[in-house]
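The next block holds one structure in the form of structure tokens; read it before the comments.
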Amino acid sequence: MLKGYRKEIFRPECNPGFQSLHCIAYLDEDIREVLPYLNAVLGGDEYYQDPPAVTFRSQGKLITVHPRKIALNALKDEAEADKILEWLKREINEAWEKRLEIEPSYDSAPKPKILEILKLLPKTNCGQCHEPTCMVFAARAAEGVKGPEDCPPLTDEGRARLQDYLSRFRLDF
Ligand code: SF4
């Protein structure tokens, strides 16, 4: 299905001083037919029918797979872009090979609930996470932008519980 792509890496124009990178991979093949199978296997955060696209949020990144391109944001470096693109290429090709065994999905996956995340935080509004309140942190964690490692006052047990909750909604690549 997907044999290759051409990658472009750039800094976001809106904030050129920002340290993270964006990447667009232009695909050699049109993969629109695999999108509902990929969504079924990986549990996309949002699935769009027209034009077709599926988005995934994980580890503070937003990944959008379109028929002819893949967009990645908030990358540390080029090596991270390569790792995610190679992982996606494998997932895309595997989903296509196994499509007869997969029920295609046109739905968006359930999202973590802000109040459930808040329950697992210390709720002291201490600001050590560089957010004004624990509620704001919970909203950012629900979006996949913040994670348990970003709240220093969490105990090891609390961090593990938050990790366990969030991992039900997140991808591991
Ligand atoms: S560091 Fe943790 S306890 Fe402090 S405000 Fe952020 S989420 Fe709340």
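Please build a GNM for the chain, connecting alpha carbons under 10 Å apart, and tell me which residue among His66, His22, His130 fluctuates the most.
His130
Pop out the ³J(HN,Hα) list for the range 131-145 in order, Karplus 6.51 cos²θ - 1.76 cosθ + 1.60 with θ = phi - 60°, rounded to Hz; leave Gly and Pro as x.
Karplus-based 3J(HN,Hα) across the range 131-145 equals 10, x, 9, 5, 5, 5, 4, 4, 5, 5, 5, 5, 7, x, 7 Hz.
Go ahead and estimate [θ] at 222 nm for the chain from helices alone: -39,500 (n - 2.57) per DSSP H run with n ≥ 4, summed, over the residue count, rounded to 500. Each step should come with its number before you reach the end.
On the way: 5 runs with 55 residues, N = 173.
Result for the chain: -9500 deg cm²/dmol, rounded to the nearest 500.
Calculate, axis by axis, the spread of Cα positions in the chain along the three principal axes, and write the results as whole Å, longest axis first.
50, 40, 28
Can you put Lys119, Lys3, Lys98 in order of accessible area, largest first, using a 1.4 Å probe?
Values: Lys119 130, Lys3 155, Lys98 90 Å².
The ordering from most to least exposed comes out as Lys3, Lys119, Lys98.
So if I take the centroid of the Cα atoms in the range 31-81 and the same for the range 83-130, what is the distance between those two points in Å?
11
Taking the Cβ of Ile24 as the center, what net charge do the other residues with Cβ under 12 Å away carry, scoring Lys and Arg +1 and Asp and Glu -1?
On the way: positive: Arg6, Lys7, Arg68, Lys69; negative: Glu8.
Once positives and negatives cancel, what remains is +3.
Angle check, please: helix 156-167 long axis (alpha carbons) against the longest principal axis of the chain (alpha carbons), in degrees 0 to 90, nearest 10.
The angle comes out near 30 degrees.
Does anything in the range 91-124 have its amide N under 16 Å from the 7 Å Cα→Cβ label point of Gln59, and if so which residues?
91
Using the structure shown, select from Lys76/Lys98; Lys83/Lys113; Lys3/Lys69 the pairs with a Cα to Cα distance greater than 23 angstrom. Write down the numbers at each step before the final one.
Details: Lys76/Lys98 32 Å; Lys83/Lys113 29 Å; Lys3/Lys69 13 Å.
In this structure, Lys76/Lys98; Lys83/Lys113 lie more than 23 Å apart at Cα.
Could you point to the residue in Tyr26, Thr55, His130 farthest towards the positive end of the chain's charge dipole, with +1 and -1 charges on the Cβ of Lys/Arg and Asp/Glu respectively?
Farthest along the dipole direction, towards plus: His130.
Could you order the peptides 52-60, 151-159 from most to least packed, using the average number of other C-beta atoms within 10 Å per residue? Write out the running numbers ahead of the final one.
On the way: 52-60: 19.7, 151-159: 13.3.
Ranking the peptides 52-60, 151-159 by packing returns 52-60, 151-159.
By how many nm would the segment from Glu157 to Trp87 grow when fully extended, if each residue of separation counts as 0.36 nm and the alpha-carbon distance is taken off? Intermediate values should be presented prior to the final figure.
Details: separation 70, 0.36 × 70 = 25.20 nm, distance 3.08 nm.
So the extension gain works out to 22.1 nm.
Output the 0 to 90 degree angle, nearest 10, between the alpha-carbon long axis of helix 78-97 and the longest principal axis computed from the alpha carbons of the chain.
60
The values are calculated or read from the model by the stated rules, or taken from the named source; none is laboratory data. Remember, predicted model here, so these are calculated numbers, not experimental data. Backbone-built Cβ (ideal geometry, glycine too); neighbour counts: all protein chains shown. We work out accessible area using only protein heavy atoms, side chains counted, and drop any ligands, DNA or RNA first. Shrake-Rupley method; radii C 1.70, N 1.55, O 1.52, S 1.80 Å.
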